[in-house]
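Below you'll find the structure, written out as structure tokens, and then a few comments.
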Amino acid sequence: MKQMNRVLNLVAATACIFTICQPAHGYIDAGSGSYLLQILFAGILGGAFAAKSAFGNLKLMVARKLHSGKGKDSA
Amino acid sequence: MSDNQRLGSSFRDPSGFIYQKDGCLLRQINPSYFPTFTSLKSSGLLDDLIRANLVVPFEEVDLTLAHSTEAAAVIKPEKVALISYPYEWSFSQYRAAALATLQIQRRAIEKDMVLKDASAYNIQFHNGNPVLIDTLSFEPYTPGKPWVAYRQFCQHFLAPLVLMSHVDVRLSRLMASFIDGIPLDMASTICKPMTRFNAGVGMHLHLHAKLQAKAAHEERRATPQGAFGKNALLGLVDSLNGLIEKLSWKPEGTEWANYYNETNYSESSMGEKHRLVQDFLDLVTPLPEMVWDLGANNGEFSALASKRGIQTVAWDIDPAAVEKNYLMRKGDTKMLPLIQDLTNPSPAIGWANQERESLIQRGPVDVVMALALIHHLAIGNNVPLSDISQFLSRIGKWLIIEFVPKEDSQTQKLLAAKEDVFPHYHRDAFELAFHNAFEIIRKVDISGTQRTLYLLKNRSH
């Protein structure tokens, strides 16, 4: 099933490149392959970053809560 | 360089360019980039990056200093003491430059901007920090658009660092052969056996190379829209950052890494040499602004100059010695350790041989130090003494040079494995060979050794 999903993703991304596209305007050659790779991994990269940020925020929240608890105890 | 001339390396970006006027380096901003430049300033991004030592500070100057009438603005960046190139950086310097680029990109995204190019040549070491010198490298963030400079980042930073870390640290020299970074297919072929099970390298290098090859067969270059969100962009930076932070290289087993432990100097002779070098530096007039220490090893003698507040570049052939120097003296803002093979110095490369300057083009400097070096050039590399004199006279106004005679144990080591075809390698011949270009100001035998230290003044400066 996973294999099938990967193949579908690849087909969808490739189709995207050749249908809804416009020329790149940067003076740097971005490279179609480099764009394709980013699009293929967009979900994973975005998901991983969102999860990491959420975990970081959670840690921060817990740390703040613990800290404020300690402050109250010592007061 | 003549006045009001655009720099040979500043031609790709239509946003503006660098030129020299009245002895100052200036950057012209063209009308097409002016709205972006205004947003860059008003967003506070540039100020943030300058405060964080990630972008070179600059001031806006009067339009009368513009290179051409079409200028929308002119800025004067703080002067970088020496422009260095990626193929001259040690592993940790290279990694620091890559991480600085990613940090800039992350901060830019947070302000709705992105780096539109990620060239390693845009990073320079300024007061010890890797900073972006191309203030025009930003563009507004376009929702859904992948990172336009991702390919360039991988070719300029990721591929060299992976090769240096996993294969051989000397492979950074490939950057001198490929002006736009190491081709990913080549890097992938070289490092595949060592990185087969590394997921990050697998994605950013091996798969990237494969997709590039596939796409190269297609005629149209295209930008897919609406497929790459801001989280994905930040995730890409995070992924590259994690991968590069994990890359490492330990300097050991190279020729100079333990040089000072194996030297034939006694403690007192070494102390005397230290004192003499300092005395000679004090005799140089006017006060030197820049010293190049050639064959500097881990920078022990270079530090005598940098501690006096003189900008000092410690060149050495050995990546391990340069790495040690960089890591040991990170707080020394006047010290810049760099890799340089004097038997094959950095050439002028790029378009019209004018994009990246050769070693000689970056001189002459106030003082060149060549301590315990001459026997390596004359006997190790068969360079005639007169040729060494001519080369040094092109790069230095003053010269502190140590003559190491044939009887010295270090020279004997060089001669052990080769025929002695150097009948003219002796002190008198040395003085004669250097006489045409240099005047002897001081000459002192270093006690406890057979060596002599000279302070020479270039006759043509």
Notebook entry, point to check: Taking the stretch B:387-422 only, how many residues are open to solvent by less than 70 Å² (accessible area, probe 1.4 Å) and out of contact with any Pro (no Cβ under 8 Å at 6 or more places or on another chain)?
Noted result: 20
Margin query: For the stretch B:69-89, give me each residue that is under 15 Å from the mean Cα position of the chain (by Cα) and of a type in the set (S, T, N, Q).
Written below: B:S84
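Residues of the stretch B:425-439 being of a type outside the set (G, A, S) and surrounded by 19 or more Cβ atoms within 10 Å (Cβ to Cβ), which ones? Steps first, please.
If we filter the stretch B:425-439 for residues that are of a type outside the set (G, A, S), which is where we start, we get B:425-428, B:430-432, B:434-436, B:438-439.
Across the stretch B:425-439, the qualifying residues are B:Y425, B:F430, B:F434, B:F438.
To keep it simple, each residue is scored yes or no on (1) touching a residue at least 40 places away in the same chain (Cβ under 8 Å); (2) under 20 Å from B:T312 (Cβ atoms).
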| site | (1), (2) |
| --- | --- |
| B:I360 | no, yes |
| B:V365 | yes, yes |
| B:L377 | no, no |
| B:N381 | no, no |
| B:P384 | yes, no |
| B:D387 | no, no |
| B:L414 | no, no |
| B:K418 | no, no |
Margin query: Suppose we filter B:A149, B:A108, B:A120 for residues that are out of contact with any strand residue (DSSP E or B) (no Cβ under 9 Å at 6 or more places or on another chain) and aliphatic (A, V, I, L, M); which single one remains?
Written below: B:A120
Next item on the list: For the stretch B:198-217, state whether one or more residues are small (G, A, S), under 20 Å from B:W89 (Cα atoms) and modelled with pLDDT of 95 or more.
Entry: no
Check: Out of all the residues in the stretch B:12-65, which are surrounded by fewer than 15 Cβ atoms within 10 Å (Cβ to Cβ) and either of a type in the set (V, I, T) or within 14 Å of another protein chain (Cβ to nearest Cβ) (or both)?
Finding: B:R12, B:P14, B:S32, B:T38, B:T64
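The values are calculated or read from the model by the stated rules, or taken from the named source; none is laboratory data. Computed from a predicted structure; not experimentally measured. Cβ: placed from backbone, ideal geometry, glycine included. Neighbour counts: every protein chain shown. Just so you know, the surface numbers come from the protein's heavy atoms only, side chains and all, with ligands and any DNA or RNA stripped out. Shrake-Rupley method; radii C 1.70, N 1.55, O 1.52, S 1.80 Å.
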